[in-house]
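*Asks:* Below are the structure tokens for one structure; questions will follow.
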Amino acid sequence: PASPPSLRLVLAGSVGLLSDLLATRQARHCDKQQQRQQQQHPLPKLPAAAEAAAAAGAAAEGGADPVSADVALERTFGSGKYQLGVACGVGLCIYSSTVAVNLLPVFLDIKLAEDPSLPGLTQETLPMASTALFSGWLVGSLCVGWLVDRLGKKAVVRLGAWGILLCTLAAVMLPPLTAGSIAVFAAIRFAMGFLLAPAVVAGLFAQEFAPPAWRNRVMVALNVAYSLLSILMACACGTISRHLDWRYELLFWCGAPMVVGLLFGLRLAGESLDYLVEKGRRHEAAALLAAIARANGADPAAAEGAVLVASEGAAGGA
């Protein structure tokens, strides 16, 4: 039979899934409204400063008309294999799988407390490690905006994915070497919590590459996957893997998705288009648009000469 924690988490995940499905309906409504607004105002006006800068850039680039990254994605290159790969490789493998970092300790701590090789990790000391995890998440959330402004979304997502992977390996190897030192284990959990905030940026990063009319639905789909993974993990950890070694569970749920995201998702994805434009790296942004066009089977020639300006509301790539 399933353990009581797994039943509670299945119920919580089901409630989250229901709310995500309701959000899907709202997202469709918002997307339809946005499409109607685009039809009524087909040529959105750029801010005065951006328009002047774009006009100067257009003259330098040979007379190409300035266009925002959002307009380029929506009208010229659309969506296709590139967006699907980024959504699955980055959004699903990194963003949605962070549910394991939050929920897996509920099951692991029971096994850790029963492991005779870890005398320092008991039912009395392990709550300190859980507190450290969420304290690290709080500190990371305060720093992540600053990191995105300076490094860009892709670099921050890579930092979070690599960090969680390394913390997972440390959590597997260091406790047996330190006889279950609660100080060492709490430090690992704090670092993992801190790096959870950069990893969560992966959802926004994957959403940004979708055309504006699809962005709400992309984020809702990733949150639905998050809820489904929480239900699946609760069912598996409370039943079929209940007696499996805790190291294997930790590597499977926290380590494996990050490996897939790093090897496939982040290798496919480029940097945030708005971040590149705002940092003056317009040639890189145009080259990225050309790569997106090629991946989607469109003509990359139009992208190579495009003069891009930041999308309305973009700030530092955040």
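*Asks:* Quick check on Met233: is it assigned to a helix (DSSP H, G or I), open to solvent by less than 30 Å² (accessible area, probe 1.4 Å) and over 15 Å from Gly89 (Cα atoms)?
*Replies:* So Met233 fits the description; yes.
*Asks:* Can you report the number of residues in the range 143-154 which are over 18 Å from Arg189 (Cβ atoms) and open to solvent by 30 Å² or more (accessible area, probe 1.4 Å)?
*Replies:* Qualifying residue count for the region: 6.
*Asks:* Quickly run through the range 94-131 and pick out the residues that are surrounded by fewer than 18 Cβ atoms within 10 Å (Cβ to Cβ) and part of a helix (DSSP H, G or I).
*Replies:* The answer is Asn102, Ile110, Ala113, Glu114, Pro127, Met128, Ser130, Thr131.
*Asks:* Does Phe134 satisfy being at pLDDT 95 or above and either under 22 Å from Leu92 (Cβ atoms) or assigned to a helix (DSSP H, G or I) (or both)?
*Replies:* no
*Asks:* Now for a different question. Please find, among Glu284, Glu249, Glu271, the residue that is in contact with a helix residue (DSSP H, G or I) (Cβ under 9 Å, 6 or more places away or on another chain) and in a loop (DSSP other than H, G, I, E, B).
*Replies:* From the options Glu284, Glu249, Glu271, the qualifying one is Glu271.
*Asks:* Quick check on the range 169-189. Is at least one of its residues open to solvent by 20 Å² or more (accessible area, probe 1.4 Å), of a type in the set (Gly, Ala, Ser), on the phi < 0 side of the Ramachandran plot and free of Cβ contacts under 8 Å to residues at least 40 places away in the same chain?
*Replies:* yes
*Asks:* Among residues belonging to the range 141-189 that are part of a helix (DSSP H, G or I) and polar (S, T, N, Q), point out the one that is farthest from the chain's Cα centre (by Cα).
*Replies:* Thr168
*Asks:* Follow-up. Would you please list the contacts, defined by Cβ atoms under 7 Å and residues six or more apart or on different chains, that run from a residue in the range 263-289 that is buried (at least 16 other Cβ atoms within 10 Å of the Cβ) to a residue that is among the hydroxyl-bearing types (Ser, Thr, Tyr)?
*Replies:* From residues that are buried (at least 16 other Cβ atoms within 10 Å of the Cβ), the pairs are Asp274/Ser311.
*Asks:* Consider Pro211 against the criteria (1) at pLDDT 85 or above; (2) surrounded by fewer than 20 Cβ atoms within 10 Å (Cβ to Cβ); (3) not acidic (Asp, Glu): it satisfies all of them except one. Which criterion is unmet?
*Replies:* Only one criterion in (1) at pLDDT 85 or above; (2) surrounded by fewer than 20 Cβ atoms within 10 Å (Cβ to Cβ); (3) not acidic (Asp, Glu) is unmet by Pro211, namely (1).
*Asks:* Go through (1) free of Cβ contacts under 8 Å to residues at least 12 places away in the same chain; (2) under 30 Å from Glu278 (Cα atoms) one by one and return the number of the condition Leu166 breaks.
*Replies:* Leu166 satisfies every listed condition except (2).
The values are calculated or read from the model by the stated rules, or taken from the named source; none is laboratory data. What you are looking at is a predicted structure, and each value in this text was computed from that prediction instead of being measured. Backbone-built Cβ (ideal geometry, glycine too); neighbour counts: all protein chains shown. Quick note on the areas: whole protein, heavy atoms, side chains included, nothing else; ligands and nucleic acids left out. Shrake-Rupley method; radii C 1.70, N 1.55, O 1.52, S 1.80 Å.
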